[in-house]
Structure formats: C-alpha cells, structure tokens
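Here the structure is laid out as structure tokens; the discussion comes afterwards.
The values are calculated or read from the model by the stated rules, or taken from the named source; none is laboratory data. On a predicted model such as this, the values are computed, not experimentally measured, just so you know. Please note: Cβ atoms are built from the backbone with ideal geometry, for glycine as well, and neighbour counts cover all protein chains shown. Just the protein is used for accessible areas: all its heavy atoms, side chains included, with ligands, DNA and RNA removed. Shrake-Rupley method; radii C 1.70, N 1.55, O 1.52, S 1.80 Å.
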Amino acid sequence: MASALCRTASRLRPVQILRRLRASSDLLSSPSPPCISDHGDISLPRSLVTLSGGIERFKMDQRRLLSTSASDATSKPSSGESETKSSGENEKSGGSEGSGGGSDEKSERTSGKNARGAPVSWMSFFLLFATGAGLVYYYDREKKRHIEDINTNSKAVKEGPSAGKAAIGGPFSLIRDDGKRITEKDLMGKWTILYFGFTHCPDICPDELIKLAAAIDKIKEKSGVDVVPVFISVDPERDTVQQVHEYVKEFHPKLIGLTGTPEEIKSVARSYRVYYMKTEEEDSDYLVDHSIVMYLMSPEMNFVKFYGKNHDVDSLTDGVVKELRQYRK
C-alpha cells in the first residue's frame, strides 16, 4: 500500500511542474517595462524576479523528479530483491522445515536404533527367562531319569540272585552226619542257611554256629518260618561222618552236618566261592584258614544274600526276616 502511494505521488509531480512552467512562460510573454526607482536605478520588474524564482523552483523540481525516478528504479529491484529474499527465506524456512522433518526422521531412526540396540529389552529378557526355565526343566528331568535308572539297576542286581542268576551256588553231592548221601535237591522246599567250617576250629567256628543257632529260633518266632541250618566241613581229612555228627549236635538239634571226600569238598567250596587252606601242620594238628560267611538260600536253593562276621544275632535275624517277607510279596 505504501509503495502504491509513492508511485502515485511521483506521477503527479511532473504534472505540477509543467503547470508551473506554463505559468512562468505566460509571465515572460507579457511585456512590462523596466521600473526606475526614485534614485535613478533601474529595477527589474517583478515578473522577472518571479521568473527567476520559477526557474530555481524548476531546477529544484527537476532534481526532485530525477531523484524520485531514481528512487523508483531502485525501489523496484529492491522490491524484487525483497521478494527474492522473502522467497529465499521461505525456501530456507521450507528447508528448515524439511531439515526439521529430516531431524524428526533422524530422531525417529535414532530412537528406533536405540530401541533395537538397547542392551536389555522385554523380548530379550523373555527369551532369556524361557531359555533358563527350559534348561532347569531339562536338567531336573535328566536328574530324575538318572536316579530312576540307578534305582532300577540296583533293584535288578538285588533281585537277580532270587531269580536264580547268581554266580554263587550250584549242585553238590555230600554225606550227611547220619551217613546218608544228599544233594542240593534234598534241601529244596525250605529256606536254608549254609556255613563252611571245621570241627577242630578253636574259636571262630563255635562262635558263628552259636550265633546261627540263636538266630534260627528268633527267625521262627518273628516270621513263623523254619529255616534249616547246614554246616559243611572244609577239613574232610579229619572231619568224618561221626566227628561231624557229634559236633553239630552241640549247637542245635536242627543243624545238619555235611562232609565228603577232598574232591567233593573242593567242588562245593568252588561253587559257593569259599576260600579255605591249611595254615600250620605239626604231626596231625593243623588249622584251616577259611571264609567266615553265611549264605541264605531260597526254597529253590538259589542264592539270596550273605552275612559276614560283623553281624550279630539281632542283625542276622532282622536281615533274614526282611528277605523272607520280600520273597512272599
């Protein structure tokens, strides 16, 4: 609006200047004699003075016109420059907006990168938790399976002898203390406890036979089962049938004594994994070193369990009763 008013004023100024020029030309065209003052001096008429003033004004107006036209000429490119500047500013603002958008995109990208590149996220935490739970479950299951395998194997080993697969025991043929020959089949149908020793044993054999005799009676009281005690000599050279008969009757009336030839004793000792050997020999007096073990045999004459010297009467009784109850199941 201001630029339009300036342009209108610049257009009206030449018109006013032309009007002034016309008025000054009219004054020049009208004749007027020079005026003489009272002192005899010739004075210029007022029209000339007016003309000279008009000429001065004309020059001033011309200068103004030139200056106005120059200002108009300069104002146009300045306006163009201002427009270009404004457009440039708009472009810059647009660029700044674009850059702002770019910065927003960059910020979004960086935020996305920060979200994806974070050290711990919910998804990674969940995966870690699931993996840990899976490992714990797998380890616990494998541990239980391993324990079950151990228990199964131990039961299989324990139940093996009762199924007749033990390496202890076997067929034999010996002479009973009453002079009759018997085999392992004659002992079938009843539970049997076998003990290997010799009648000239100074201390160990008597102690073990006393313990066996006491346990036999207690087993009967607790379980109601009659267990047959059997004594097998490992000194066939001195332990005759009569010697064995007199010896076994000193411990228990149900105790059966067996003897035989050296070959027969050697065979039965090998079948039951019994060690024996003469230790000292002076004339006819010697000792026999042998295994101190009692063997519990099932009614099928299969090996069930053995009991060493460390068992007393009570532990021997409880151990045998336990095996009898498990066998019934």
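Table: residues versus (1) closer than 19 Å to residue 168 by Cβ; (2) open to solvent by 40 Å² or more (accessible area, probe 1.4 Å); (3) touching a strand residue (DSSP E or B) at 6+ places or on another chain (Cβ under 8 Å).
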| site | (1), (2), (3) |
| --- | --- |
| 241 | no, yes, yes |
| 247 | no, no, yes |
| 267 | yes, yes, no |
| 272 | yes, no, yes |
| 286 | no, no, yes |
| 294 | yes, no, yes |
| 300 | yes, yes, no |
| 323 | yes, no, yes |
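I'm checking my understanding of the structure. Among residues of segment 219-239 that are within 18 Å of residue 325 (Cβ to Cβ) and part of a loop (DSSP other than H, G, I, E, B), which one is most open to solvent (accessible area, probe 1.4 Å)?
Narrowing segment 219-239 to residues within 18 Å of residue 325 (Cβ to Cβ): 219-227.
From the residues that got through so far, the ones that are part of a loop (DSSP other than H, G, I, E, B) too are 224-226.
Working: 224: 48, 225: 24, 226: 68 Å².
Only one residue tops the list, namely 226.
Restricting to segment 185-204, name every residue that is open to solvent by 20 Å² or more (accessible area, probe 1.4 Å) and of a type in the set (Val, Ile, Thr).
204
List the strands (runs of 3 or more DSSP E) inside segment 248-329, counting only whole elements, that have at least 1 residues being over 52 Å from the mean Cα position of the chain (by Cα). Explain how you work it out, then say what you get.
On the way: elements: 256-259, 276-282, 285-290, 294-297, 303-307.
Per the criteria, 256-259, 276-282, 285-290, 294-297.
Is it the case that some residue within segment 251-265 is open to solvent by 40 Å² or more (accessible area, probe 1.4 Å), at pLDDT 95 or above and among the aromatic types (Phe, Trp, Tyr)?
Yes, some residue in segment 251-265 is open to solvent by 40 Å² or more (accessible area, probe 1.4 Å), at pLDDT 95 or above and among the aromatic types (Phe, Trp, Tyr).
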